[in-house]
Amino acid sequence: MGSLETYDMENQQLLKYIHVVKNDELMSDVQVGMLRMFLGNVGQVLLGTRLCLLLLVVPLAFLAKCFDFGSPWIFALSLIGLTPLAERVSFLTEQITYFTGPTVGGLLNATCGNATELIIALFALHQRKIHVLKYSLLGSIISNLLLVLGSSLLCGGIANLDKEQRYDRKQVDANSLLLLLGILCQILPILFRFGGLEAPNAASSSVLEMSRASSIVMLIAYAAYIFFQLKSHSRVFESQEEEENDEEVKEEKPVIGFCSAFVWLVIMTVIIAILSEYVVGTIEVASDTWGISVSFISIILLPIVGNAAEHAGSIIFAYKNKLDISLGVAMGSATQISTFLVPLCVIVAWIMGIPMSLDFGLLQTGCLAFSILLTALTLQDGSSHYLKGLILCLAYVVIGACFFVQRVPSNQSHAYDLGIQLFSEKLGISSR
């Protein structure tokens with residue numbers, strides 16, 4: 001009996017040992033699997049772009065800030081570091097849309113598509129640099145309409161000389177209508193200021209109140225546009241999927257999971273926010289050091305960085321003769337900034353007690369108006385060739401040269417908004 005009990009005890013200990021070994025092996029397999037997934041995500045997110053080398057500039061920007069290398073260096077490194085981050089945010093948003101469906105995915109694209117511009121605008125608003133905010137948003141609209149769209153039509157036309165490039169004018173018409181509404185709301189404050197029908201103080205009050213009312217109208221229009229795009233007339237905004245399916249049978253699949261993409265998106269957004277704060281805080285010192293006007297940096301340089309991902313994607317689609325997608329990227333982004341980000345900043349400034357109007361300046365608004373009209377005329381016939389793209393690009397060069405030679409001191413570039421602020425403080429308008 002004693003030997004039998006001893007044998008049973010040994011068997012139980014052996015089974016426990018085997019169970020522990022299996023659990024350890026299972027845990028090690030899980031840990032190895034998680035490590036492989038993490039390394040795979042790092043490879044896809046950080047190394048899955050041709051701009052991966054520019055990501056090395058991001059820690060250099062942090063070091064420049066910590067060790068106080070000087071505002072020009074901090075500004076330059078932060079500006080360069082924002083370029084790959086903006087492209088990666090676009091990539092992560094695309095990965096999330098595979099899991100959320102077309103409706104939520106469309107809203108997410110609309111929210112994150114211009115994340116860099118929005119974050120820079122909010123930091124500029126927080127630091128009371130209204131002129132930087134206005135210049136950057138206006139420059140983003142002009143950049144999308146002339147540079148992004150123009151270079152796409154130019155490259156697409158050269159790559160498809162033997163083909164007729166056509167697109168659906170319905171989505172162009174919808175975007176053009178909203179852009180014209182946005183420019184109308186920006187022209188009216190200038191007419192108030194130069195009309196001379198009211199006293200200067202009364203005109204300032206009228207411009208501020210009208211800008212806030214117009215911003216609410218623009219947000220309503222953009223909400224209707226989103227519903228029109230995603231629900232009632234979603235087929236209008238669909239690219240030529242039947243032709244694409246004939247050419248490309250391969251189905252696209254996400255390369256990283258939903259949770260991983262969301263975590264990486266949060267991390268990238270936080271880093272963009274930090275670098276944006278660096279850019280906004282050092283832009284004026286960098287302008288004085290380099291001898292370049294704040295208007296040129298804000299209207300030309302900042303939008304090129306913020307639109308880097310859209311620029312590359314739009315050119316690639318135009319090169320493949322998919323102009324509907326290129327137009328959706330370029331004009332969709334311009335429409336979002338004009339009728340969503342601009343009025344949103346006015347409303348947020350209103351909530352914060354900061355008087356911000358829709359008066360962007362006569363020269364700036366004039367350049368924006370001609371950019372919208374030139375783009376609308378270019379796209380009116382439903383076909384494209386390289387000459388149209390070349391004209392849009394040359395128009396962007398002319399506008400860039402205009403702001404490059406403009407020499408406006410930083411303390412005068414937002415004088416009108418400063419006047420509105422002083423008048424508002426007297427009457428208590430900003431607290432309404």
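The values are calculated or read from the model by the stated rules, or taken from the named source; none is laboratory data. This structure is a prediction, so every number in the text was calculated from the model and none was measured. Here the Cβ is made from the backbone with ideal geometry for all residues, glycine too, and neighbour counts use every protein chain on show. Heads up: the accessible areas ignore ligands, DNA and RNA and are worked out on the full protein's heavy atoms, side chains in. Shrake-Rupley method; radii C 1.70, N 1.55, O 1.52, S 1.80 Å.
If you go through the range 80-99 one residue at a time, do you hit one that is more than 30 Å from PRO254 (Cβ to Cβ), at pLDDT 85 or above, open to solvent by 10 Å² or more (accessible area, probe 1.4 Å) and out of contact with any Cys (no Cβ under 9 Å at 6 or more places or on another chain)? Among the residues of the range 80-99, not one is more than 30 Å from PRO254 (Cβ to Cβ), at pLDDT 85 or above, open to solvent by 10 Å² or more (accessible area, probe 1.4 Å) and out of contact with any Cys (no Cβ under 9 Å at 6 or more places or on another chain), which makes the answer no.
Answer yes or no as to whether GLU310 is assigned to a helix (DSSP H, G or I), modelled with pLDDT under 80 and more than 30 Å from GLN127 (Cβ to Cβ). Considered against the rule, which asks whether it is assigned to a helix (DSSP H, G or I), modelled with pLDDT under 80 and more than 30 Å from GLN127 (Cβ to Cβ), GLU310 comes out as no. Remark: MET27 falls outside the filter, which requires a residue to be under 37 Å from the mean Cα position of the chain (by Cα), of a type in the set (A, V, I, L, M) and either modelled with pLDDT under 70 or open to solvent by 100 Å² or more (accessible area, probe 1.4 Å) (or both).
For the range 337-359, enumerate the residues that are open to solvent by less than 10 Å² (accessible area, probe 1.4 Å), within 24 Å of ALA174 (Cβ to Cβ) and of a type outside the set (Ser, Thr, Tyr). Correct list: ILE337, LEU341, VAL342, PRO343, CYS345, VAL346, LEU358.
On the given criteria, is LEU191 at pLDDT 90 or above and within 26 Å of GLN336 (Cβ to Cβ)? So LEU191 fails the test.
Any chance you could count how many residues in the range 62-76 are crowded, with 23+ Cβ neighbours inside 10 Å and under 21 Å from the mean Cα position of the chain (by Cα)?
Total satisfying the criteria: 1.
Taking (1) open to solvent by 30 Å² or more (accessible area, probe 1.4 Å); (2) hydrophobic (A, V, I, L, M, F, W, C); (3) in contact (Cβ under 8 Å) with a residue 24 or more places away in the chain in turn, VAL280 satisfies each apart from (1).
Determine whether SER338 is touching a Ser or Thr at 6+ places or on another chain (Cβ under 6 Å) and among the hydroxyl-bearing types (Ser, Thr, Tyr). In short, no. Test THR289 against the criterion of being open to solvent by 30 Å² or more (accessible area, probe 1.4 Å) and among the polar types (S, T, N, Q), and give yes or no. Considered against the rule, which asks whether it is open to solvent by 30 Å² or more (accessible area, probe 1.4 Å) and among the polar types (S, T, N, Q), THR289 comes out as yes.
Can you work out which of the residues in the range 209-239 that are part of a loop (DSSP other than H, G, I, E, B) and surrounded by fewer than 17 Cβ atoms within 10 Å (Cβ to Cβ) is modelled with the highest pLDDT?
The selected residue is HIS233.
Of the residues making up the range 103-126, just one is farther than 28 Å from LEU374 by Cβ, aliphatic (A, V, I, L, M), open to solvent by less than 30 Å² (accessible area, probe 1.4 Å) and at pLDDT below 85, namely ILE119.
Among residues of the range 299-324 being within 30 Å of VAL405 (Cβ to Cβ) and of a type in the set (Val, Ile, Thr), the one that is surrounded by the most Cβ atoms within 10 Å (Cβ to Cβ) is ILE299. Among residues of the range 43-75 being β-branched (Val, Ile, Thr) and in contact with a Gly (Cβ under 9 Å, 6 or more places away or on another chain), the one that is nearest to ALA273 (Cα to Cα) is VAL58. Of all the listed residues (LEU377, LEU327, LEU387), the sole one being open to solvent by less than 10 Å² (accessible area, probe 1.4 Å) and either within 14 Å of ILE142 (Cα to Cα) or not small (Gly, Ala, Ser) (or both) is LEU327.
When the helices (runs of 4 or more DSSP H) confined to the range 343-432 are screened for residues that are among the charged types (D, E, K, R), out of contact with any helix residue (DSSP H, G or I) (no Cβ under 6 Å at 6 or more places or on another chain) and modelled with pLDDT under 90, those reaching at least 2 such residues are found at 415-427.
Condition check ((1) open to solvent by 10 Å² or more (accessible area, probe 1.4 Å); (2) under 15 Å from THR335 (Cα atoms); (3) part of a helix (DSSP H, G or I)) across all residues:
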position: ARG128; (1), (2), (3): yes, no, no
position: LEU149; (1), (2), (3): no, yes, yes
position: VAL172; (1), (2), (3): no, yes, yes
position: LEU177; (1), (2), (3): yes, yes, yes
position: ILE187; (1), (2), (3): yes, no, yes
